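K.L.:
Can you keep this structure in mind? I'll have questions shortly.
The values are calculated or read from the model by the stated rules, or taken from the named source; none is laboratory data. What you see is a predicted model; the values in this text were computed from it and never measured. Note that each Cβ is placed from the backbone with ideal geometry, even for glycine, and that neighbours are counted across all protein chains shown. Note: areas computed on protein heavy atoms with side chains; ligands, DNA, RNA excluded. Shrake-Rupley method; radii C 1.70, N 1.55, O 1.52, S 1.80 Å.
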Amino acid sequence: MTAPLLTIENLSIGFRGPDDQPVFIVREVNMSLAAGETLGLVGESGCGKSSLLLAMMGYYKPGLGRLSGSLSYDGEDPGLISSHQLQALRGGGMALIPQNAGQALTPTLRIKAQMIEVLRLHSDLAPSAWHPRCIELFERVKLPAPEQMLKRYPHELSGGQQQRVAIAMALAGEPNLLLLDEPTTGLDVTTQVEVLALLQEICRDLGTAMVYVSHDIQVIQKVCNQIAIMYAGEIVEMGSRATLLAAPVHPYTQGLLASIPRLHQQTLPRPIAGEMLQPVHRGSSVGCGYANRCLLATDQCQATSPAPRVVMDRWVKCHEVEAAVAGELIRPAQKLLAPALGENLLLAVEDLSVSYQRPSLVRALLGHKPLATVQGVTFGIRQGEILGLVGESGSGKSTILKTIAGLQRSLSGRITLSGTDDLAGPVESRARGCLRKVQLVFQNPDASLNPRKTIGEILRRPLELYFELAPTVMNDEVDALLHRVNLPESYKGRFPGQLSGGEKQRVAIARALAAKPELILCDEITSALDVSVQAAILKLLLDLRADSGVSLLFVSHDLAVVETLCDSVLVLEGGEVREAGLCAEVFKNPQHAYTQALMKAVPIADPRKRKDENDVVHIT
Amino acid sequence: MLRLIARRLIFAVVTLWVVSMVVFSAIELLPGDACQAFLGQMAQGKRLENCRTEHNLNAPAYVRYADWALGLSAGDLGKSIKRSKPLEDIIGPRFRNTVILGMTAALVGIPLAILLGALAALYRDRRPDLWISFIAIFCMTVPEFITGTLLISFFSVWLGWLPGIVIMRADAPLLDVLSKIVLPVMTLTLVMVAHIMRMVRTSMIDVLASDFVMMSQLKGVSRLRQVLMHALPNALLPTINLIALNIAWLMGGVLVVEVVFNYPGIGRLSVNAISDRDFPLVQAIALLMASLYVGLNLIADLLALLLNPKLRSRGVG
Amino acid sequence: MGAMVDILKGVMATRSGKIGVVLVTFHLVLALVAPWLVPFDFDAQSAVIDHAGPSLAHWAGLDILGRDVLTRTMLGGREALLVTLFGTGLAVIWGSFFGVLAGYLGGRVDDLIMRSVDIFLAIPWMIFLLLVIASFGNAPMVMILTLGFFYGIGVVRMARAATLEVVVKDYVLAAKARGESTLSIMANEILPNVRDVLMVESAMRWSWMLLAFSALSFLGFGVTPPTPDWGLMIANSRIYLALAPWPVLMPMIALSSLIIGINLTADALAKSLGVDKTTRALV
């Protein structure tokens, strides 16, 4: 075995808190990476994975720094070399492929100028060779029309193209180590598949080592041979892909894998109770970071940090390894069957078309028809049904939802609720009683609650608006709402800023429930949440449906989530319905080519489905 | 893009047209007409009548507005009540002087402000930033007439280096003007630099925290290049229009500066015209200042259009 | 009320904030109680000498007419404070109403309001102010209305910009979908979230209005003599600066310390509220 390319020993990253106490973002991380090896770092948002990645380049976000430990790339510590050497190393020896390429490219510089900047710094090529080299690199990353691409500005490229440019730019310095920070997050699934295939190809052909950071273990397992699971700043389990995925040992890894909704498995994802503590709340506590959520936690787990051990060909940090190995934490829960659905349609959407263009007199006189975002969409939702609306960005799925909510004007078509209420018009034209029946929950929990109002005030507002209640009844009602979404009553006095993402989303759901609606419109309501929290929200939605028989319109880009949650599904592309039917049928046997393409694009986190690699077990 | 430029141009013309109406009607609404205001409340009989006939005040308002507007578009500013000279000859040289004063201050001030703003942002919350920001607060809060008075007492009374008060004819040759405006320019620049510097600083801090500046650093680009090529252009783009707007607003201060230094510009002329109640003159000056403002913003719009690739390509579609 | 105390605490946490609050409070209190504190009548002329330097009787000396400078300085900010406080209040109220309205409604209403703002900005406000004062006199009411109008134009732009950041948030959409009225959304969802920006900007605008008022009185349009006023005192005494610095220096220090105090407070306020990213541009 050759000397490792990158070694990290006992590395801690963070800052000094008010009392000079260290606050750890990354804590005592050990790992090493050999040349040509690919390592995936998996963890929830806030677990410190990006900070760890950037530290490998000797970069710390403002306010952060290395608290202890050492790092070595090619025998040298990026934190100790001169700024000149560091500049040569960054983009030369190791290169970063950033999360959001669209924002990582300088808007005022043409692509060519930005490519050449790297070539000038990190290659020995003569200036005359720069242009051909750019073309060569662009062909390497399969960018169409490379000559034209070079002349463009970043905003003139699509998201996928921007990501390819970023990859080409990273390859320009011929690095030995590629660092990838969620490079496909924010891309559509079909684009993501292409980018992942490209990355696999680059690894294979160029033999570049890789550290790939992602929250999505399914993406990681497509590209990486080694997997490290991070939680609360620590690596809790690390081993080869095959061993780790086949038999996860650490309770968190087990929980994480069990919480992922998967295609074609008639099981409900299992949530992990609670949420990860943010660094400031973790403070410099000495126990295991996962102890507060762990089912196996003992007093020892609260008191001391576990030492890493090698168990079953991998590296685990857990006091209760034996119990974890023995215990069957992953117990597939049965998918809740939909209650018998009546034949009565609750919501009927007929031939709906929507356009974002403002109708203008001039256009009308010239006979121009406005460009429709949604065209001729027809569907219905029965009492108590959960309908999934699936599609990529630009498919019109959110537009349909907004139109039903009355936030977007429709161009033509009819929307009726319970056969009587007309929902085709905007909010202003609807009666209060009709407004009450349809409620909305948004994607981003940080933006959906007014930060200046307490949870109690937020929940009271719809009650005041739709019902006339005595103050005491009102109070009881708010308590009951919190109870229904599994939040303690004490949350009434808190502000949204004091809640975690999952808790905020529960409040948003409670606000919708306050109106006693017949239909709840859910706009990607779990996509901003961590997967272990998402599972809990999905469970909550199913419970609510079972209790009250409310219908849900669930918009999502995630096929697995839709299959798990919904009774029926509508596949949208470019504002038109491609396929519709019961989930059980559509997912088993997709008819339309687009549905098939979407389903093929879903990465499957099951090691047995992927048998093409020669996995190297490498444990430090 | 051409359509965008055309739209801006049309809007500039419309703005001027509306401003001319507002100015005209505002003066119409003041108690008494121009002749009465000038001659005083007590004026009666023949003198008032003559004045009114001479300035065509007996015609209805819309006729007089039409006359005035038509004259303006032909370059005729109108007739002063107090002075016999044509208004062009009174305003022309003074307008030139004010433009010289403002332009010199802008030429000195804008680059300086950008430099200081960028420095303050780079050293955010550290010594250089604290000093720059602290001094800026002083410069923007001390009124121009105090700064001017202090500068006079320091440079001309105490040191005796520069003339304190400008003594020259309004139509003095260009070189004469330039040699005498050091202190007025300094006064104006101090305020301007402070304001623009703060805007540049805020915008620069935003941009320095952006992904693309971090990315350029992680590509191994040197600090200087990061700042000059990646950060500064993107920090300046959103401030161009803001700078133009604020310079225009600060033009109000020119009035005071010109009075302090006895500088023969349009600002001091306007104060005199108002004291004299020479309404036709006030009207003409107000419209001229408005065109200056509109022109300045038009230039800023075009500059932003030219420098911002995003705006440019939107114009194509 | 508790919120106000917290905000004040935040401002007082920094040294510059402390200095600012002390300066502003000092001036406000002085303006209220000065008439009972001043040693002389502001218009009383010393029969014996003029332009005398500081003495035991006249701590800050006498001006050209032999009036006590300390007395006049203590009283010289009262009208300025009265006019600018009400003027700023007026500007902020009408400006933020239209700004929030334009930002929230968007579309044609926004176009109409913003194009009008652009046009009003083109009017040379200083000349207009002088003209109004020359015609209607310089009664505080006239000054408040005109200053309040012109400074409100900038507030419209600023309030609209702040609203645009809030209006895209889902909680505003949620309120709309719930069927809340436009006024209720403006008051309950938007206003509380632009409040911080508005507070900081109002403070800044107060200081600029003070600058404008003092400039007006420097030009002789602000107050009618013999009412004491800092700007007018400076204008009348500045030619004798080399001979007798006190009549100029005293009002100069008074005026500058007030305006600097407001700015330091505003800066500390912005920092403690976390809105120091606002441009705080003049318009």
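K.L.:
Need one value: the accessible area of C:W230 in square angstrom, 1.4 angstrom probe, rounded to the nearest 10.
P.N.:
Its heavy atoms expose roughly 10 Å² to the probe.
K.L.:
Using a 1.4 angstrom probe on the protein heavy atoms only, line up A:H250, A:H84, A:H155 by accessible area, largest first. Don't jump to the answer; show the numbers that get you there.
P.N.:
Working: A:H250 0, A:H84 145, A:H155 60 Å².
My answer, sorted largest first, is A:H84, A:H155, A:H250.
K.L.:
While we're looking at this one, here's another question. Radius of gyration and Dmax for the range B:94-270's Cα atoms, expressed in Å?
P.N.:
Spelled out, the Cα radius of gyration and Dmax of the range B:94-270 are 18.6, 60 Å.
K.L.:
Could you run the numbers on buried accessible area between B and A, total for both chains, 1.4 angstrom probe, in Å² to the nearest 100?
P.N.:
Summing both chains' loss of accessible area gives about 2200 Å².
K.L.:
Counting partner chain Cβ atoms within 10 Å of every residue's Cβ in A:104-113, what's the average?
P.N.:
On the way: counts 9, 5, 13, 10, 12, 7, 1, 0, 0, 1.
Whole-number average of other-chain Cβ neighbours for A:104-113 is 6.
K.L.:
Is the protein assembly as shown rounded, prolate or oblate when judged by the Cα gyration tensor, a ≥ b ≥ c being the square roots of its eigenvalues, rounded requiring a/c under 1.5 and prolate requiring a/b larger than b/c?
P.N.:
On the way: a/c = 2.00, a/b = 1.75, b/c = 1.15.
Because a/c hits 1.5 or more and a/b exceeds b/c, the protein assembly as shown counts as prolate.
K.L.:
Please go through the residue pairs A:K437/A:K516; A:K504/A:K539; A:K453/C:K18 and name each one whose alpha carbons sit more than 19 Å apart in this structure.
P.N.:
The answer is A:K453/C:K18.
K.L.:
Okay, moving on. Any chance you could look up the accessible area of A:S429 with a 1.4 Å probe, heavy atoms only, rounded to 10 Å²?
P.N.:
Accessible area of A:S429: about 80 Å².
K.L.:
Output the peptides B:13-20, B:117-124 sorted from most to least packed, where packing is the average of other Cβ atoms within 10 Å over each peptide's residues.
P.N.:
On the way: B:13-20: 17.6, B:117-124: 20.6.
Descending packing order for the listed peptides: B:117-124, B:13-20.
K.L.:
Through the Karplus equation 6.51 cos²θ - 1.76 cosθ + 1.60, θ set to phi - 60°, convert the phi angles of the range B:134-142 into ³J(HN,Hα) values in whole Hz; use x for Gly and Pro.
P.N.:
5, 5, 4, 4, 4, 5, 8, 9, 6
K.L.:
Okay, next question. What is the sum of charges, Lys and Arg at +1 and Asp and Glu at -1, for the other residues whose Cβ falls under 10 Å from the Cβ of A:R152?
P.N.:
Values: positive: A:R110, A:K112, A:K151; negative: A:E156.
Counting the neighbours of A:R152, the net charge comes to +2.
K.L.:
Measure nothing fancy, just the Cα-based angle from helix C:78-105's long axis to the longest principal axis of chain C, in degrees from 0 to 90, nearest 10.
P.N.:
With both axes taken from Cα atoms, the answer is about 10 degrees.
K.L.:
I would also like to ask the following. Contact order normalised by length for chain A, with contacts defined as Cα pairs under 8 Å and 6 or more residues apart; what percent is it? Let's see the in-between values first.
P.N.:
On the way: 1207 pairs, mean separation 91.1, N = 620.
It rounds to 15 percent for chain A.
K.L.:
In square angstrom, rounded to the nearest 10, how much accessible surface does B:D171 have for a 1.4 Å probe?
P.N.:
The accessible area of B:D171 comes to roughly 80 Å².
K.L.:
Then there is this: If you roll a 1.4 angstrom probe over the protein chains with everything in place, what fraction of the accessible area of the range A:339-600 belongs to carbon and sulfur, to the nearest %? Mind dumping the intermediate values first?
P.N.:
Details: 5470 of 10930 Å².
Here it works out to 50 percent.
K.L.:
Next up: What does the structure give for B:284-297 when I average, per residue, the other chain Cβ atoms found within 10 Å of the residue Cβ?
P.N.:
Working: counts 0, 2, 6, 3, 1, 6, 6, 1, 2, 4, 4, 0, 0, 3.
Per-residue shielding by partner chains comes out at 3.
K.L.:
Please work out the C-alpha center-to-center distance from the range A:1-37 to the range B:173-188 and express it in whole Å.
P.N.:
Going from one Cα centre to the other spans 62 Å.
K.L.:
Kindly state, to the nearest 0.05, the FRET efficiency for B:I135 paired with A:E489, given R0 = 56 Å and r defined as their beta-carbon distance. Let's see the in-between values first.
P.N.:
On the way: r = 54 Å, r/R0 = 0.97.
About 0.55, to the nearest 0.05.
K.L.:
Computed on protein heavy atoms with a 1.4 Å probe, what is the summed buried accessible area for the chain pair C and A, in Å² to the nearest 100? Kindly include the intermediate steps, with their values, before the conclusion.
P.N.:
Details: alone 14640 and 27510 Å², together 40310 Å².
Approximately 1800 Å² gets buried when C meets A.
K.L.:
While we're looking at this one, here's another question. Excluding ligands, DNA and RNA, what is the solvent-accessible area per residue of the range C:129-182 at a probe of 1.4 Å, expressed in Å²? Walk me through the numbers on the way to the answer.
P.N.:
Numbers: 1760 Å² over 54 residues.
Result: 33 Å² of accessible area for each residue.
K.L.:
Same structure again: Under 5 Å between amide hydrogens, which residues at least 5 positions from A:L552 or on another chain qualify, with H placed 1.01 Å from N in the peptide plane?
P.N.:
When sequence neighbours closer than 5 places are left aside, the close amide H contacts are A:E385, A:I386, A:L387, A:I520.
K.L.:
Right, next: With viscosity set to 1.567 mPa s and temperature to 4 °C, compute the Stokes-Einstein D of the range A:387-443, Rh being the Kirkwood radius across alpha carbon pairs; µm²/s, no decimals. Don't skip to the answer; put the middle values down first.
P.N.:
Working: Rh = 12.2 Å.
The diffusion coefficient I find is 106 µm²/s.
K.L.:
Something else now. Take every Cα pair under 8 Å in the range A:339-600 that's 6+ residues apart, average their separations, divide by the length, and report that relative contact order as a whole percent.
P.N.:
Details: 483 pairs, mean separation 67.1, N = 262.
Relative contact order, the range A:339-600: 26 percent.
K.L.:
Take the alpha carbon gyration tensor of the range B:224-281, find the square roots of its eigenvalues, order them as a ≥ b ≥ c, and report rounded if a/c is under 1.5; if not, report prolate when a/b exceeds b/c, else oblate.
P.N.:
Values: a/c = 6.36, a/b = 3.22, b/c = 1.97.
Prolate shape, in that a/c is at least 1.5 and a/b is the bigger ratio.
K.L.:
Provide C:Y240, A:Y466 ordered by accessible surface of protein heavy atoms (probe 1.4 Å), highest first. It would help to have the intermediate numbers written out before the result.
P.N.:
Numbers: C:Y240 65, A:Y466 35 Å².
In descending accessible area the options line up as C:Y240, A:Y466.
K.L.:
Now a separate question. Taking amide H atoms as placed 1.01 Å from N in the peptide plane, list the residues 5 or more away in sequence, or in a different chain, whose amide H sits under 5 Å from that of A:L41.
P.N.:
Correct list: A:Y212, A:V213, A:S214, A:A228.
K.L.:
Oh, and also: Going by a ≥ b ≥ c, the root eigenvalues of the Cα gyration tensor, does the range C:1-150 fall in the rounded group (a/c under 1.5), the prolate group (a/b larger than b/c) or the oblate group? Could the numbers behind the result be given before it?
P.N.:
Details: a/c = 3.47, a/b = 1.62, b/c = 2.14.
Note, shape of the range C:1-150 comes out oblate.
K.L.:
Give me the accessible area per residue for chain A, probe 1.4 Å, as a whole number in Å². Could you put the intermediate results ahead of the total?
P.N.:
Details: 25540 Å² over 620 residues.
Averaged over the residues of chain A, the accessible area is 41 Å².
K.L.:
Right, next: Looking only at other chains, what is the average number of their beta-carbon atoms within 10 angstrom of each beta-carbon in C:149-158? Write down the numbers at each step before the final one.
P.N.:
Working: counts 0, 2, 0, 0, 1, 3, 0, 0, 2, 0.
The mean count of partner-chain Cβ atoms within 10 Å per residue comes to 1.
K.L.:
Ordering A:L401, A:L582 by how much accessible area each has at a 1.4 Å probe, largest first, what is the list?
P.N.:
On the way: A:L401 5, A:L582 75 Å².
Output order, biggest surface exposure first: A:L582, A:L401.
K.L.:
Further question on the same structure: With an 8 Å cut-off on Cα pairs and a minimum separation of 6 or more residues, tell me the relative contact order of the range C:1-157 in percent.
P.N.:
Numbers: 150 pairs, mean separation 33.5, N = 157.
Taking the mean separation of contacting Cα pairs over the length of the range C:1-157, I get 21 percent.
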